[in-house]
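For reference, the structure is listed below as structure tokens.
The values are calculated or read from the model by the stated rules, or taken from the named source; none is laboratory data. Everything numeric in this text was worked out from a predicted model, so none of it was measured. When we count neighbours, we look across all protein chains shown, and the Cβ atoms used for this are built from the backbone with ideal geometry, even at glycine.
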Amino acid sequence: MSSIINFKNIFSNLENEFYVIIKLNPSFPIFTKGSDIDIFCFDIDKVVSLILFNLNELTYSYKIQLTKKNETHFYIDILEKNGDIYFRFDLYSTLPKYYNLNIKESFFYACVYESQKKKIDDYFIKVVSDENEAILRYIEYHEWYSSRPDKIKHIDYILENRLNNKSFFDRLHYFIAFNETLECEKKSFFKNWFEFFEGYLNKIKIVYNYIKTRGLKATLIKIKEKL
Amino acid sequence: MDRIDTIIVWGHGIQYLNDILKYTDEKFEILKVKRHKIKNVKKFIKDVYSFDYAPFWHLKDKTKYLLKVPKEAVFIFIKNLNPDEDYFGEGKFRHKESKTLKSFKEFLRDKFNPYENNKRTHNHIIHATDNPTQTHCLLKLLGFKEGIKIFEEDKFIKLPYYLKGYKNFEIKKIDMNNLYANIVKGENWEIFELELTSLDKTPHYLGIQNIEVYQNYIDKFLGGPLTDYYNSKRYQKLINNFQYLQGNFINNYIIVKKIDNKFIILDGLHRASILYSQGHKEIIVCQVL
């Protein structure tokens with residue numbers, strides 16, 4: 001999809017900021033509808049405001065939504081008038097929470113400081129170094145492979161690009177530790193029921209938030225799609 | 001490094017409030033002005049001075065005169081951009097204080113304190129804090145539970161403290177004829193109500209043509225329902241220099257909330273009024289969701 005988003009202006013304005021794009025799709029700036037771009041940055045408030053500023057011109061034909069997930073995680077959605085996501089900027093000022101791995105906080109800073117410039121047409125963007133990219137992809141694979149077998153693509157990427165060298169393993173072992181495996185415990189009757197209700201409560205919360213942000217019609221369409 | 005301080009204008013100094021605000025505005029950034037009716041004078045004085053370095057018994061005689069002045073006080077919260085801190089006092093009373101604020105306090109006392117036989121009395125019309133912790137405690141005393149944190153603004157989009165809880169926003173272009181604001185109507189800063197008013201009927205918009213309308217509105221309600229400091233001079237300056245979402249203000253969106261298909265301005269009424277007077281039909285706003 002050829003973009004109506006002025007990436008050149010956005011990333012030129014971010015030139016003096018400490019940021020790095022991770023897991024960038026090789027076809028960027030061409031993307032499919034619904035794609036996103038993940039950005040690690042130090043001054044997230046400033047990066048958010050600079051991106052928003054460059055999206056003001058899109059308000060004629062798109063909705064621009066900003067969501068503050070927490071102090072260190074924001075996303076900016078460019079939505080079509082019917083509520084479909086056209087593109088998303090996913091911004092972090094600390095590492096995202098991973099449950100199956102312990103990652104040293106310093107890895108976040110390493111990613112940002114060791115960024116490399118990539119030329120896109122007549123402007124530059126800052127992307128993560130090949131070594132850090134490999135580690136991030138490995139983390140992503142390890143975090144999700146049990147529920148998302150397609151995440152094997154990250155391992156394929158590492159192998160195809162011959163990133164599985166000694167330096168990769170050295171860095172990997174420096175920055176991460178595996179969580180201890182716990183013995184399985186048989187869940188009590190009450191725990192089972194609690195989890196059952198908790199699951200439904202979460203679903204209600206998701207639907208409520210969806211109605212609040214996108215409206216009832218879009219929510220019903222989404223539910224229909226899921227069914 | 002800047003810090004937040006408070007100047008308290010006691011009852012007998014309120015007659016000079018406009019002048020005090022004018023001088024303060026020249027020296028510091030005024031963040032908030034809050035008028036306060038005092039129910040129990042003794043308790044209030046004790047509460048205010050309990051945050052002081054000196055023990056209260058030492059201040060008791062010094063504050064006796066406050067029992068006889070009108071039972072009202074105005075709190076002016078300021079950003080002290082150049083505190084120039086130093087140590088003052090001896091022994092137990094030695095403490096750090098802003099030299100800038102200390103000299104300004106004396107300036108105001110010289111100007112407005114009562115005089116007897118051509119000599120300035122100690123019936124001070126103002127009190128000023130020695131450090132930001134005292135300001136924090138005073139804010140809590142006035143009912144601002146978060147204390148000094150109320151002045152911390154979100155920076156991704158410039159949001160005033162009373163909108164800090166919002167997490168979902170939409171940047172959109174809207175028709176200016178659909179903009180409304182809650183305007184204060186009533187007799188004075190104590191007896192009032194809020195009335196939803198279309199932008200073109202607000203004192204802020206009407207004040208661009210006739211600044212007296214705006215100044216009367218501010219004079220009537222400042223310190224009560226209106227706690228953000230504004231005056232006609234400041235507004236005139238904004239009118240002359242205003243550029244929306246430009247330069248250092250790219251994230252200073254006008255903040256609105258949509259209720260019954262009306263966009264209610266939560267922050268940015270002055271800016272919206274200026275844009276409307278400039279002939280804009282549509283503007284980009286940030287809608288809280």
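If you go through the stretch A:15-26 one residue at a time, how many are without any contact (Cβ under 8 Å) to a residue 40 or more places away in the chain and over 17 Å from the mean Cα position of the chain (by Cα)?
Of the residues in the stretch A:15-26, the ones without any contact (Cβ under 8 Å) to a residue 40 or more places away in the chain are A:16-17, A:25-26.
Still in the list and also over 17 Å from the mean Cα position of the chain (by Cα): A:16-17.
The qualifying residues number 2.
Which residues, taken from the stretch A:70-123, are in contact with a His (Cβ under 7 Å, 6 or more places away or on another chain) and among the polar types (S, T, N, Q)?
Of everything in the stretch A:70-123, just one residue is in contact with a His (Cβ under 7 Å, 6 or more places away or on another chain) and among the polar types (S, T, N, Q), namely A:100.
Quick check on this structure: which one of A:66, A:52 is within 14 Å of chain B (Cβ to nearest Cβ), without any contact (Cβ under 8 Å) to a residue 60 or more places away in the chain and not in a strand (DSSP E or B)?
Testing whether each residue is within 14 Å of chain B (Cβ to nearest Cβ), without any contact (Cβ under 8 Å) to a residue 60 or more places away in the chain and not in a strand (DSSP E or B) leaves just A:52.
Which condition breaks for residue A:27 when tested against (1) part of a strand (DSSP E or B); (2) more than 9 Å from chain B (Cβ to nearest Cβ)?
That leaves (1) as the condition not met.
Looking at the stretch B:64-101 only, could you name the residues that are of a type in the set (Val, Ile, Thr) and buried (at least 20 other Cβ atoms within 10 Å of the Cβ)?
B:74, B:76, B:78
So which strands (runs of 3 or more DSSP E) stay within the stretch B:125-215 end to end and still have 3 or more residues that are more than 30 Å from residue A:64 (Cα to Cα) and not assigned by TED's automatic domain parsing to the domain that holds residue B:14?
B:179-186, B:192-198
Using beta carbons and a limit of 9 Å, which pairs, at least six apart or on different chains, have the first residue in the stretch A:197-221 and surrounded by 12 or more Cβ atoms within 10 Å (Cβ to Cβ) and the second one of a type in the set (Phe, Trp, Tyr) and assigned to a helix (DSSP H, G or I)?
A:218/A:210; A:219/A:210
Would you check if residue A:133 is within 14 Å of residue A:171 (Cα to Cα), in contact (Cβ under 8 Å) with a residue 24 or more places away in the chain, of a type in the set (Asp, Glu) and crowded, with 17+ Cβ neighbours inside 10 Å?
Taking the combined requirement at face value, the residue satisfies it.
Could you list, in sequence order, all residues of the stretch B:95-120 that are in contact (Cβ under 8 Å) with a residue 12 or more places away in the chain and touching a strand residue (DSSP E or B) at 6+ places or on another chain (Cβ under 7 Å)?
Answer for the stretch B:95-120, where residues must be in contact (Cβ under 8 Å) with a residue 12 or more places away in the chain and touching a strand residue (DSSP E or B) at 6+ places or on another chain (Cβ under 7 Å): B:95, B:96, B:97, B:98, B:99, B:100, B:101, B:105, B:108, B:109, B:113.
Spot the failing condition for residue B:264; the list is (1) within 30 Å of residue B:73 (Cβ to Cβ); (2) at pLDDT 95 or above, and only one is missed.
The failed condition is (1).
Return only the number of the condition from (1) modelled with pLDDT of 90 or more; (2) buried (at least 18 other Cβ atoms within 10 Å of the Cβ) that residue A:35 does not satisfy.
The single condition residue A:35 does not satisfy is (2).
Looking at the stretch B:164-189, which of the residues that are of a type in the set (Gly, Ala, Ser) and away from every other protein chain (no Cβ under 14 Å) is surrounded by the most Cβ atoms within 10 Å (Cβ to Cβ)?
B:181
How many residues does the stretch A:69-89 contain that are surrounded by fewer than 20 Cβ atoms within 10 Å (Cβ to Cβ) and at the interface with chain B (Cβ under 7 Å from one of its Cβ atoms)?
0
Could you please find all residues in the stretch B:9-43 being under 12 Å from the mean Cα position of the chain (by Cα) and either farther than 21 Å from residue B:109 by Cα or in a strand (DSSP E or B) (or both)?
B:29, B:30, B:31, B:32, B:33, B:34, B:35
Can you pull out every residue in the stretch B:142-195 that is aromatic (Phe, Trp, Tyr) and in contact with a Ser or Thr (Cβ under 6 Å, 6 or more places away or on another chain)?
Matches in the stretch B:142-195: B:156, B:180.
Output the number of the condition that residue B:153 fails; it satisfies all remaining conditions of (1) without any contact (Cβ under 8 Å) to a residue 60 or more places away in the chain; (2) more than 14 Å from chain A (Cβ to nearest Cβ); (3) under 18 Å from residue B:269 (Cβ atoms).
(2)
Any idea how many residues of the stretch A:72-101 are part of a loop (DSSP other than H, G, I, E, B) and closer than 15 Å to residue A:49 by Cβ?
Let us first name the residues in the stretch A:72-101 that are part of a loop (DSSP other than H, G, I, E, B), namely A:72, A:80-84, A:93-100.
Next, from what is left, pick out any that are closer than 15 Å to residue A:49 by Cβ: A:93.
Total meeting the criteria: 1.
When the residues of the stretch A:40-49 are narrowed to those that are touching a strand residue (DSSP E or B) at 6+ places or on another chain (Cβ under 7 Å) and within 9 Å of chain B (Cβ to nearest Cβ), which ends up nearest to residue A:109 (Cα to Cα)?
Within the stretch A:40-49, the match that is nearest to residue A:109 (Cα to Cα) is A:44.
Can you pull out every residue in the stretch B:223-250 that is outside any helix (DSSP H, G or I), within 14 Å of chain A (Cβ to nearest Cβ) and at positive phi?
Hit for the stretch B:223-250 is B:245, nothing else.
If residue A:96 meets every condition in (1) farther than 27 Å from residue A:174 by Cβ; (2) away from chain B (no Cβ under 11 Å); (3) touching a strand residue (DSSP E or B) at 6+ places or on another chain (Cβ under 9 Å); (4) at pLDDT below 90 apart from one, which number is that one?
(1)
Given the conditions (1) facing chain B (nearest Cβ under 10 Å); (2) modelled with pLDDT under 95, and given that residue A:4 satisfies all but one, which numbered condition is not satisfied?
(1)
Yes/no per residue for (1) without any contact (Cβ under 8 Å) to a residue 40 or more places away in the chain; (2) out of contact with any strand residue (DSSP E or B) (no Cβ under 7 Å at 6 or more places or on another chain):
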| position | (1), (2) |
| --- | --- |
| B:212 | yes, yes |
| B:221 | yes, no |
| B:225 | no, no |
| B:231 | no, yes |
| B:241 | yes, yes |
| B:252 | no, yes |
| B:260 | yes, yes |
| B:263 | no, no |
| B:267 | no, no |
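Can you name the residue in the stretch A:143-176 that is touching a helix residue (DSSP H, G or I) at 6+ places or on another chain (Cβ under 6 Å) and in a loop (DSSP other than H, G, I, E, B) and, of all such residues, is modelled with the highest pLDDT?
The residue in question is A:145.
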